[in-house]
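S.K.: A single structure is presented below for examination.
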Amino acid sequence: KTKGYLSKDTFLIDASFPRFTSGDGKAIIHDSVRGKDLYIIADVGNHGITYNLMGRQIPMTPDEHFADLKRVIGACAGKPNRITVVMPLLYGSRQHRRGGRESLDCAMALQELYNMGVSDIITFDAHDPRVQNAVPLMGFDNFFPTYQILKALLNRYPDLNFSKNFMVVSPDEGAMTRNIYYASVLGVELGMFYKRRDYTKVVNGRNPIVAHEYIGSPV
C-alpha cells in the first residue's frame with residue numbers, strides 16, 4: 001500500500017456517544033483527527049435513534065442530535081485541519097425568521113458552529129437558504145434533490161405518466177417556488193392550498209388556521 005490517505009482501509013473514524021445515568025451525554029473519538037479534513041454527518045431528523053434513560057428508550061430529538069454534533073466538535077479540540085458538517089435536514093430551519101419576540105434558532109445554531117471552528121455546512125433543500133446570511137464568512141452549500149425525487153417517484157410508480165392525469169399541488173405558499181419549478185419542467189397543471197387564518201385571535205403565538213383553501217386548476 002502507498003503512504004498517506006490511500007493506505008487507509010476506510011475513511012470512517014470510530015466515535016461513540018455514551019450517556020451518564022443522569023442523562024448527560026458526551027462524545028468520544030477513538031482515533032486521531034490531527035491535521036485531517038473532517039466531515040461530520042449529522043442527521044438531526046433521525047428519530048429512530050434512541051438512548052436509555054430511567055429504564056426507558058428515549059427517541060432522540062433534533063436538539064439532542066445537535067448537542068451530540070457540538071460534543072464531537074468539542075472532542076476534536078481544534079486539531080482537524082478543516083471541519084465540514086453534512087446536515088441533510090438543517091437544524092432549526094423551520095424557525096428562520098422572527099415574527100415577534102421569538103428565537104432565531106437556525107441562525108443561532110449556525111453561529112454556534114462557526115464559532116466552534118466549522119468551515120462549511122452542506123445541507124439539502126433548506127427551508128429558507130437566506131438564513132446563511134447569519135454566517136457570511138462560513139461556507140454554505142444548499143443542494144436541491146429535484147432529480148432524485150422524480151427518480152424515486154418513477155421507480156415507485158413505473159406506470160406513472162406525467163402527460164396524462166397528472167398535476168402538481170403545493171401544500172402551502174412556502175412550497176410554491178419548488179412546485180412552480182416541477183410544474184414547469186413537467187409541463188403540467190399547478191394548484192395550491194393556502195391557509196386562511198383568523199387574524200383577530202392569537203393561539204400559542206400564532207393566528208389560528210380557519211380553513212385550508214384551494215386555488216388553481218381543478219383536480
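S.K.: Somewhere in the stretch 197-218, is a residue part of a strand (DSSP E or B) and of a type in the set (Asp, Glu)?
M.R.: Among the residues of the stretch 197-218, at least one is part of a strand (DSSP E or B) and of a type in the set (Asp, Glu), which makes the answer yes.
S.K.: Would you please list the contacts, defined by Cβ atoms under 9 Å and residues six or more apart or on different chains, that run from a residue in the stretch 161-179 that is of a type in the set (Lys, Arg) to a residue that is at pLDDT 85 or above?
M.R.: Matching pairs, first to second residue: ARG178/ASP125; ARG178/PHE144; ARG178/THR146; ARG178/SER170.
S.K.: While we're here: Quick one: would you say PHE162 is at negative phi, modelled with pLDDT under 90 and aromatic (Phe, Trp, Tyr)?
M.R.: For PHE162, the condition - at negative phi, modelled with pLDDT under 90 and aromatic (Phe, Trp, Tyr) - is met.
S.K.: Now for a different question. Does ARG197 count as open to solvent by 50 Å² or more (accessible area, probe 1.4 Å), in contact with a Pro (Cβ under 9 Å, 6 or more places away or on another chain) and without any contact (Cβ under 8 Å) to a residue 60 or more places away in the chain?
M.R.: Criteria met by ARG197.
S.K.: So, one more: List pairs: first residue in the stretch 42-66 and open to solvent by 40 Å² or more (accessible area, probe 1.4 Å), second residue modelled with pLDDT of 90 or more and in a loop (DSSP other than H, G, I, E, B) anywhere in the structure, Cβ distance under 6 angstrom, at least six positions apart or on different chains.
M.R.: Within 6 Å, the pairs are ASP43/PRO88; ILE49/MET60; PRO59/HIS47; PRO62/VAL44; PRO62/TYR91.
S.K.: Same structure, new question: Could you grab the pairs with beta carbons closer than 9 Å, sequence gap of 6+ or different chains, first residue in the stretch 181-192 and outside any helix (DSSP H, G or I), second one open to solvent by 30 Å² or more (accessible area, probe 1.4 Å) and aromatic (Phe, Trp, Tyr)?
M.R.: Pairs that qualify, where the first residue is outside any helix (DSSP H, G or I) and the partner is open to solvent by 30 Å² or more (accessible area, probe 1.4 Å) and aromatic (Phe, Trp, Tyr), are GLY187/PHE162; VAL188/PHE162; VAL188/PHE166; GLU189/PHE166; GLY191/TYR214; MET192/TYR214.
S.K.: Separate question: Considering the stretch 43-88 alone, what residues qualify as being assigned to a loop (DSSP other than H, G, I, E, B) and in contact with a His (Cβ under 6 Å, 6 or more places away or on another chain)?
M.R.: Result: VAL44, single match.
S.K.: Restricting attention to the stretch 103-151, report how many residues are surrounded by 15 or more Cβ atoms within 10 Å (Cβ to Cβ), among the charged types (D, E, K, R) and in a helix (DSSP H, G or I).
M.R.: 2
The values are calculated or read from the model by the stated rules, or taken from the named source; none is laboratory data. Everything numeric here is computed off the predicted structure, so don't read it as measured data. Heads up, the Cβs are rebuilt from the backbone with ideal geometry, glycines too, and the neighbour counts pull from every protein chain shown. The area values use the complete protein model at the heavy-atom level, side chains included, leaving out ligands, DNA and RNA. Shrake-Rupley method; radii C 1.70, N 1.55, O 1.52, S 1.80 Å.
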